[in-house]
Amino acid sequence: MAETTIQSASSLPPVLTRPGRLANLWQTSRRKPVGAIAGAICLSLIAVAIFADGIAPHAPDSIDHPRLVGPSLSHPFGTDNLFRDIFSRVLIGSQISIGIGFASVAIGTVAGTLMGLVAGYFAGKVDLVVARVMDVILGIPPLVLAIFFLTIWEPSFISVSVAIGLIITPTTARIVRGSVLSIRTLQYIEAAEAIGNNSTRIMFRHVLPNVVAPIIVIASIQIGNAILAEAALSFLGLGVASDTAPSWGKMLQDSRQYWETHWWVAVFPGAAISLAVLSFNLFGDALRDVLDPRLRGTA
Amino acid sequence: MTRQHNYWLRKPFSRRTVLRGAAGTTVGAGAFALVGCGNDDDDDQPPPAPDDDSPEATPTPAVSGEPQHGGELTWLISATPPTLDPYTQTSFVNAYVNGVSLSRLVRFAAGVPEVEPTDFTMEPDLAETMPETPDELTWRFTLKENAVFHDVEPTNGRAVTSEDVAYAINRYKDFDESVHRSLWAFVDNVETPDERTVVIHTREPYADTIQIAGGNLASYIVPQEHAESNEVATRMVGSGPFIHESFETDNLLSWRRNPDFYDDPYPYVDSTTVFIVPDQTQRMEQFISGAVDLTWIHLEEERDRILDARPDAGFDSQPGIGGYIYLRTDRPPFNDKRVRQAISMGIDRQRIRDAVSAGEGENDQIVFVGYPFATPVDQLGDASRYWDYNPEEARRLLDAAIGEGETISTTWDHADAAIYQQAYVDTATLSMATLREIGFDIEQREAPYAQYISTTYQGDYEGMGHSPRAVFYFMDYLTERLSFADGVRARINLSYVDDPRLEDLLVTQRQQFDFEERIETIREIEQICAEEQYEIYWSTQSRSYFWNPAVQNYRPTAWFPYTHLMKAWKEA
């Protein structure tokens, strides 16, 4: 008769358990402090954009302030040449700058992903055509392409987002295509084909989930670029900003003649653009390091 | 401006006195200017009264030494002309460059030290002398014997004939694509009894005939063989002091001296180039650095910076008209004068002046208040209250017009800041901010200049718009702004004004050769416009001009054509 022995739990060898999500996040943050700070700033900027109307101490078009006064307690970022509170306008301006940043990246990512999926999965002539189209788009200076687009379609939130999305699309498409090309030769794809799945199902059920990581990474980096592009377009007078809905780029443009004599009219909107672009870029870099198995664990 | 040099301050004139005065090129007549930029319009006027708060304004129109030939004059404009064809364009940038290459029957005498910049006295150009006027309906011009077109294709130096002048006037008057038809509508026909005689017969006595013949727009003689060619949009061929050489969009236009120019010894310089620099700050910096000889229309803050940076530069400053709001008075809600009055009272003009013109300037009305004969706003009687910022009263007027607590949703179209400067946009922005507070929901629609000038400025807009005000070198300019005679909207009647009281007065004033009588009529027009607020005016602004001290015999003019460059020389 077999002898049954009962051991106390404490005498068992330790079991390796996965850390919880929060613990994982903490560990990642400790490993990537710059990325973590950047991510926190990104989240803060998004929150500011969402709640700007409530946070801003004044309406963006309120002219009940002194003109061109420097930063003070009552006007932390000073006031502009049209008697407006720059702090309030920077807060409200985040709605257009970040809003268009996200919208354009969403458009560019969806379009680029579809292009990349189709090109990579079908390869051959389809790949050739899609790749060449993307090459042509990449061959045109991005801002020129957006300006060309906006001279045809009147600037609006959607048209500006589409214009910027258009210049994001090729980069996303190339990355997705590359990933798909390597995945489509794997056995599980062959197995999926063997049991009769159609191409659409295979692309979206079996291929896409495996290229999500690079898509997330490139999208997070592209947000910074999109914010910069929106600011450039606004600066050139092709944005959608108005007196009641300013954007950071338009604020810079409107105050150009006062830059030399009243530094704050340029510094704060400019700093907002820099902060947003830098944060999203650094966050994207950190995300890439975390999600890319080859880079995981690197400093 | 001294009394001696002020046409409008002197004692009343008869028509013949006016003509004699105009005929003498030394007459210091003058005065009535409103350069507007966009006739689109832009402006300048008599020099401001000294102000303790102003920088030392020491106009320096001196001449030293003997005239010297040679060298190049460089200057700046803010935009590429939409086309160089004077028959089909109303843009002020056209007027700048057309006057360098193209001749007129008569031209402004201003542009030299001895003539006030805002003096709109004319002197003979293609005409040998000022015209003979055997009766009030006939104006006889004799062309200069040595007047020839440029020695380039397609004219190849042929003589300028009376047929060329008749062709030009008829083309301005009748050509389908002419934007100046209403300006020349007073002409019945043009006779050419011989090659050098042009006789203009008018439909009615028209007191501003000479001003139209030599004005900023619709006065240039372009020969038929060039006017009807495809090149007219990009090349100027005429008989003016400089021969057009190149036109590079968004970059420059250049000219060389016309050796066959009929007014010897002009021009003094061998060549002239205008650089197209849309950015006002860049224009200022280019002058400060010495890269160009002339710069123009700088507002108060820039004026002070240039004065600091280039104390050696020639400098002249004059008050100029600001912009105005136009609105569709032919349809609701702006067909109700209470709404228009509310808009005027809902604008804080002092605050706008503080923001865009260093607090300088004063309330303006339809006849620029810088003119000595204009009625100051505070003397417009009961209507002067519409210039006071009074949001409560404005709201009360709106309540009465559209219902208590109701709001007005409308559009406001305007050009971007590239051409008219940021102050132009800022003025609208500040106005909209205070109008929102009294119940206007305004959609601001900004367009590139070329689009604006060819759509909104032609009357193609929905609710409201704004523009700088046009050059006002002839009193009948009021007809251009206010007439809707026979159901035809006048060229820049952008507010669609259609008021029989005004039509009668407009006809009366343009037939009045006696200055004092005419001014009485003008005052009635001012009063109606003040009460009706057909157009809503902001404030005067000062305009400053600077030039390289090596440039002699030069003075800026309030007028657009740069014809006067021919009289300037550069010291070696």
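Just a few scattered comments:
- All positions within region B:433-455 that are under 22 Å from B:TYR496 (Cβ atoms), surrounded by 21 or more Cβ atoms within 10 Å (Cβ to Cβ) and within 14 Å of chain A (Cβ to nearest Cβ): B:LEU435, B:PHE440, B:ILE442, B:TYR452
- Members of region A:60-76 that are open to solvent by 50 Å² or more (accessible area, probe 1.4 Å), farther than 13 Å from B:ILE352 by Cα and either at the interface with chain B (Cβ under 9 Å from one of its Cβ atoms) or of a type outside the set (S, T, N, Q) (or both): A:PRO71, A:LEU73, A:PRO76
- Of residues in region B:314-335 being open to solvent by 10 Å² or more (accessible area, probe 1.4 Å) and more than 21 Å from the chain's Cα centre (by Cα), the one nearest to B:ALA401 (Cα to Cα): B:PRO333
- Any hit, region B:364-386, residues being within 14 Å of chain A (Cβ to nearest Cβ) and either crowded, with 18+ Cβ neighbours inside 10 Å or farther than 30 Å from B:PRO82 by Cα (or both): no
- Residue check, B:SER229 closer than 28 Å to B:GLY70 by Cα and either hydroxyl-bearing (Ser, Thr, Tyr) or out of contact with any strand residue (DSSP E or B) (no Cβ under 8 Å at 6 or more places or on another chain) (or both): no
- Within the set B:GLU136, B:GLU145, the sole residue that is open to solvent by 10 Å² or more (accessible area, probe 1.4 Å) and under 20 Å from B:ARG510 (Cα atoms) turns out to be B:GLU136.
- Within region A:17-63, the residues that satisfy the criterion of being small (Gly, Ala, Ser), within 30 Å of A:LEU82 (Cα to Cα) and out of contact with any Ser or Thr (no Cβ under 8 Å at 6 or more places or on another chain) are A:SER44, A:ALA47, A:GLY54.
- Here A:SER94 passes the criteria (1) away from every other protein chain (no Cβ under 14 Å); (2) over 20 Å from A:ASN225 (Cβ atoms); (3) among the polar types (S, T, N, Q); (4) open to solvent by less than 70 Å² (accessible area, probe 1.4 Å) except the one numbered (2).
- Residue, farthest from B:TYR424 (Cα to Cα), within region B:319-347, restricted to residues that are without any contact (Cβ under 8 Å) to a residue 60 or more places away in the chain and either assigned to a helix (DSSP H, G or I) or in contact with a Lys or Arg (Cβ under 9 Å, 6 or more places away or on another chain) (or both): B:ASN335
- Filter result for B:ARG338 (in contact with a Leu (Cβ under 8 Å, 6 or more places away or on another chain) and either more than 18 Å from B:ASN548 (Cα to Cα) or open to solvent by 40 Å² or more (accessible area, probe 1.4 Å) (or both)): yes
One line per residue, one yes/no per condition, for (1) modelled with pLDDT of 50 or more; (2) out of contact with any strand residue (DSSP E or B) (no Cβ under 8 Å at 6 or more places or on another chain); (3) over 23 Å from B:PHE368 (Cα atoms):
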residue: B:PRO48; (1), (2), (3): no, no, no
residue: B:PRO59; (1), (2), (3): no, no, no
residue: B:PRO67; (1), (2), (3): yes, no, yes
residue: B:GLY70; (1), (2), (3): yes, no, yes
residue: B:ASP85; (1), (2), (3): yes, yes, yes
residue: B:GLN89; (1), (2), (3): yes, yes, yes
residue: B:ALA95; (1), (2), (3): yes, yes, no
residue: B:ARG104; (1), (2), (3): yes, yes, yes
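- The sole residue among A:ALA232, A:ALA245, A:ALA266 that is touching a residue at least 24 places away in the same chain (Cβ under 8 Å), within 14 Å of chain B (Cβ to nearest Cβ), surrounded by fewer than 22 Cβ atoms within 10 Å (Cβ to Cβ) and small (Gly, Ala, Ser) is A:ALA245.
- Residue check for B:GLU404: of a type in the set (Asp, Glu), open to solvent by 40 Å² or more (accessible area, probe 1.4 Å) and touching a residue at least 60 places away in the same chain (Cβ under 8 Å): no
- Of the strands (runs of 3 or more DSSP E) that lie entirely inside region B:225-318, those containing 1 or more residues that are without any contact (Cβ under 8 Å) to a residue 60 or more places away in the chain and within 20 Å of B:PRO86 (Cβ to Cβ) span B:242-248, B:252-257.
- Contact annotation: residue pairs with Cβ atoms under 6 Å, 6 or more positions apart or on different chains, pairing a residue in region B:348-373 that is assigned to a loop (DSSP other than H, G, I, E, B) with a partner that is open to solvent by 40 Å² or more (accessible area, probe 1.4 Å), are B:ASP348/B:TYR389; B:ALA358/B:GLU301; B:VAL369/B:PRO376; B:PRO372/B:LEU9.
- Look at region A:125-143: where a residue is in a helix (DSSP H, G or I), no partner that is of a type in the set (Asp, Glu) sits 6+ places away or on another chain with Cβ atoms under 7 Å.
- Filtered residues of region B:165-192 (kept if under 16 Å from B:THR479 (Cβ atoms), among the hydroxyl-bearing types (Ser, Thr, Tyr) and without any contact (Cβ under 8 Å) to a residue 60 or more places away in the chain): none
- The residues in region B:415-458 that are at pLDDT 95 or above and within 17 Å of B:THR90 (Cβ to Cβ) can be counted, and the count is 0.
- Qualifying residue in region A:102-111 (condition: in a helix (DSSP H, G or I) and surrounded by fewer than 16 Cβ atoms within 10 Å (Cβ to Cβ)): yes
- Residue check for A:PRO57: open to solvent by 70 Å² or more (accessible area, probe 1.4 Å), closer than 23 Å to A:LEU275 by Cα and either within 14 Å of chain B (Cβ to nearest Cβ) or not in a helix (DSSP H, G or I) (or both): yes
- Residue within region B:408-427 that is within 10 Å of another protein chain (Cβ to nearest Cβ), part of a helix (DSSP H, G or I), without any contact (Cβ under 8 Å) to a residue 24 or more places away in the chain and surrounded by 20 or more Cβ atoms within 10 Å (Cβ to Cβ) present: yes
- Checked against (1) more than 14 Å from chain B (Cβ to nearest Cβ); (2) among the small types (Gly, Ala, Ser); (3) under 30 Å from A:LEU238 (Cα atoms), A:GLY120 meets all criteria but (3).
- Enumeration of residues in region B:489-547 that are touching a Gly at 6+ places or on another chain (Cβ under 9 Å), charged (D, E, K, R) and surrounded by fewer than 24 Cβ atoms within 10 Å (Cβ to Cβ): B:ARG489, B:ASP498, B:GLU531
- Any hit, region A:22-42, residues being of a type in the set (Val, Ile, Thr) and within 14 Å of chain B (Cβ to nearest Cβ): no
The values are calculated or read from the model by the stated rules, or taken from the named source; none is laboratory data. Note that this is a predicted model, so its numbers are computed, not measured. Cβ coordinates were reconstructed from backbone atoms using ideal geometry, including for glycine residues, and neighbour counts include every protein chain displayed. Heavy atoms of the whole protein, side chains included, go into the accessibility calculation; ligands, DNA and RNA do not. Shrake-Rupley method; radii C 1.70, N 1.55, O 1.52, S 1.80 Å.
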